[in-house]
Amino acid sequence: MSVPNALTVDVEDYFHVAALSSSIPRDTWTSRESRVVGNTHRLLSLFEQFNVRGTFFVLGWVAERYPELIRDIAADGHEIACHGFSHRLVYEQSPEEFHEETLRSKDLLEDIIGSRVLGYRAASYSVVRDSLWALDILVELGFTYDSSIFPVHHDRYGIPNAERAPHRLSTPDGKLIVEWPLATASIFGLRLPVAGGGYFRLLPYWLSHWGLASINRRERRPFIFYLHPWEIDPGQPRVPASRLSRFRHYTNLGKCEERLRRLLGEFRFGTARDSLVQLGLLS
Ligand SMILES: [Zn+2]
């Protein structure tokens, strides 16, 4: 398996998370303690130690407030990609709203880094069966790849029987976009999400490792892995939320950085864009 796995970070603060949105009204975001700059810098120095480059899907809201952070990420040789502007779920927006906020975020990021942004990832993987129209808008806006489809069952996202490997996907309007679905391991015909984030914190490390290694060894292809800066920050302010949301958000925050260190030592990583070029899916 010579093509590197894709290491990706969704650059957002702990208060942007969809699972906590009912307890954190949008109009309180600006008054909360922001921790995204410090946490992202910790990830940058960790990646530097392992000499690894990755793809950072940046939320426009963060880029607007901290443009220097985005320049620092790009200056370290990482790929800058787009995580929308507002972190609103795609299927809760109209196509017009989605077009407007995605363009706003892409333009902002391109202005900051002075080069094109090709990749997109939706807030909380919210490209689902009913919001596939978003892919047409991504093509129209000049994105060449998307990594928003999670091929699993989940209460908030997922297209359970979607293709698992990176591929060219035909949009509802018949255009083509490259899709890199979040990583799942195939086990006895079931799909185990081993893509990162909450799954990486909740599952035992050996299980994540086994699942990811099986994609490299058995399926002979790279996987795409994601993490959020707040996932290595056990000191973040706690907010009241449902038991399930608290479990998903707060479990093992203190163990995550050490696990990530292990992962970076045990697998080969690069940017999503470079891997897709090596796979022949992007030019
Ligand atoms: Zn997000």
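The values are calculated or read from the model by the stated rules, or taken from the named source; none is laboratory data. Since the structure is predicted, the reported quantities are computational estimates derived from the model, not experimental observations. Don't worry about glycine lacking a Cβ; one is built from the backbone with ideal geometry, like all the others, and counts go over all protein chains shown. Keep in mind that these areas ignore ligands, DNA and RNA; they rest on the heavy atoms of the full protein, side chains included. Shrake-Rupley method; radii C 1.70, N 1.55, O 1.52, S 1.80 Å.
Please list, by residue number, every one of the GluC sites (Glu not before Pro) in segment 10-111 that is coil in DSSP and has at most 14 other beta-carbon atoms within 10 Å. Sites meeting the loop and neighbour criteria: 33. Considering every alpha-carbon pair of segment 228-279, the percent of pairs per 5 Å bin, from zero through the bin containing the longest distance, is 4, 16, 19, 17, 13, 12, 10, 6, 2.
Considering Cα pairs under 8 angstrom that are at least six residues apart, work out the relative contact order of segment 110-201 and quote it in whole percent. The partial results should precede the final answer.
Working: 160 pairs, mean separation 22.0, N = 92.
Answer for segment 110-201 is 24 percent.
Along its principal axes, segment 148-250 has C-alpha extents of 44, 34, 24 angstrom, given from the largest down. Show me, bin by bin at 10 Å from 0, the whole-percent P(r) of segment 49-159 based on Cα pairs. Per 10 Å bin, starting at 0, the Cα pair percentages come out as 15, 48, 29, 8, 0. Each Lys or Arg adds one and each Asp or Glu takes one away; over the other residues whose Cβ falls under 15 Å from the Cβ of residue 67, this sums to -2. Applying a DSSP loop filter and a limit of 12 other Cβ atoms within 10 Å to the chymotrypsin sites (Phe, Trp or Tyr not before Pro) in segment 147-252 leaves 188.
Using a 1.4 angstrom probe on the protein heavy atoms only, could you order 112, 187 from most to least accessible area?
Ranking 112, 187 by accessible area, largest first, yields 187, 112.
Note on the chain: percent of Cα-Cα distances in each 5 Å bin, starting at 0 and stopping at the bin with the largest distance, equals 1, 6, 13, 18, 21, 19, 14, 7, 2, 0.
Heavy-atom accessible area with a 1.4 Å probe sorts 255, 175, largest first, into 255, 175. Screening the chain for whole DSSP H helices with an alpha carbon extent of at least 15 angstrom along the helix axis and a mean Kyte-Doolittle hydropathy of at least 0.0 yields 36-49.
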